[in-house]
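See structure below.
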Amino acid sequence: MINKKAGLLVGTLLVGCGGSGGGSSIDLERYTLNPYTAANASVSNASMTGTWVVVWSIINRAKGLYGAKVERETTHISRKEFVVVRSGDDGLEIATCTNGFNLLSLENNYWTTSGGSVLVIDKSNTRLSEGAVSAEYYADLVDGGRATFSTEYRANYYKVSDATGPLGGITWNWSDQEGTESDNIYCAGVNRIEGGAQRLSLGTESGSILSIGDSIEVGVPDARFQDRAGSGYKAIELTLGIGDSSFSVYDETDFGFSFNDVSIEGGDKSITLYGGVSAE
């Protein structure tokens, strides 16, 4: 289990874990698309609909302002994500771990999403790629200082199945209400962060989202769950090392993983969650 206590992380901004320096090797085990070549070759290229695996290469850059301390100015992240592309009422839509489903529109040799992404077609309807560099923006630090932050990434998509059903399920329980709630998962990702830290993120049918990490990252909540599955909207979010959260990702294979002991405690409420995903 990974556990994070606020009091242990106050005073410096942690972007991943461990030290870094010019010319030093990167302490990161990267995901690759090699395990998915056979599955990608066997899927239908008649349509984009199906289950996709996405491997992201991400570089985050942070620089402290006015003497603020930043432990690592450059952090490398490798992310593996499973997403479903399906036909919806308004056309093709792609699941996200941040914003429910986004619509897809075909423009020449690329797809655009209603979330602003541009997915270049590399091989018919079975391989895509995208990349971007963000503008620099300001972010608050744990010690009250500020930093500038930017990110650049490249992602490669392989279609690995023609199935458009859910990847799995998630169940949760709020401390201030009776019983549990459940939802189907359509986006699931795990970040490997330089130095050994992790982040788990999930997106569901209802648009509920979970993001939880075991290190403090610039511009990213320590833990967040937005519950849109019920009759109303309910959320809990921890930032800048305030509050307590924990999670465990286990039985990770090329095509899925399970998670439990997910706990977010802050203010007058808390939530526990568990579930699993499989792209096979």
Computed ³J(HN,Hα) along the range 234-247: with the Karplus parameters 6.51/-1.76/1.60, θ = phi - 60°, integer Hz and x for glycine or proline, the list is 9, 8, 9, 9, 10, 9, 6, x, 8, x, 9, 8, 7, 7
Among Asp214, Asp140, Asp251, whose mean-square fluctuation peaks in a Gaussian network model of the chain (Cα, cutoff 10 Å)?
-> Asp251
Within the chain, how many Lys pairs sit with Cα atoms under 21 Å apart, leaving out pairs fewer than 8 places apart on the same chain?
-> 8
Amide hydrogen neighbours beyond the local backbone of Thr239, cut-off 5 Å, H modeled | Asp222
Sort Glu81, Glu265, Glu107 so the one with the fewest other Cβ atoms within 10 Å of its own Cβ comes first.
-> Glu107, Glu265, Glu81
Would you mind calculating the gained length between Glu73 and Asp176 on full extension (0.36 nm times residue separation, minus the Cα-Cα distance), in nm to one decimal?
-> 33.1 nm
Whole-number Å³ per residue for the convex hull built on Cα positions in the range 2-278 | 135 Å³
Could you list which residues have their amide H under 5 Å from that of Ser208, counting only those 5 or more apart in sequence or on another chain, with H placed in the peptide plane?
-> Arg228
Placing one equal point scatterer on each C-alpha of the range 123-170 and summing with Debye, one gets log10 I(q)/I(0) at q = 0.13, 0.16 Å⁻¹ equal to -0.62, -0.73
Apply the Karplus parameterisation 6.51 cos²θ - 1.76 cosθ + 1.60, with θ equal to phi minus 60°, to every residue of the range 27-43 and state each ³J(HN,Hα) to the nearest whole Hz, in sequence, with x for glycine and proline.
-> 7, 7, 8, 8, 6, 9, 8, 3, x, 10, 4, 5, 5, 5, 6, 9, 8
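Only the coordinates and a few stated rules stand behind these numbers; no lab work does. Since we're looking at a predicted model, the values are computed, not measured. No Cβ is skipped: glycine too gets one built from the backbone with ideal geometry, and neighbour counts run over all protein chains shown.
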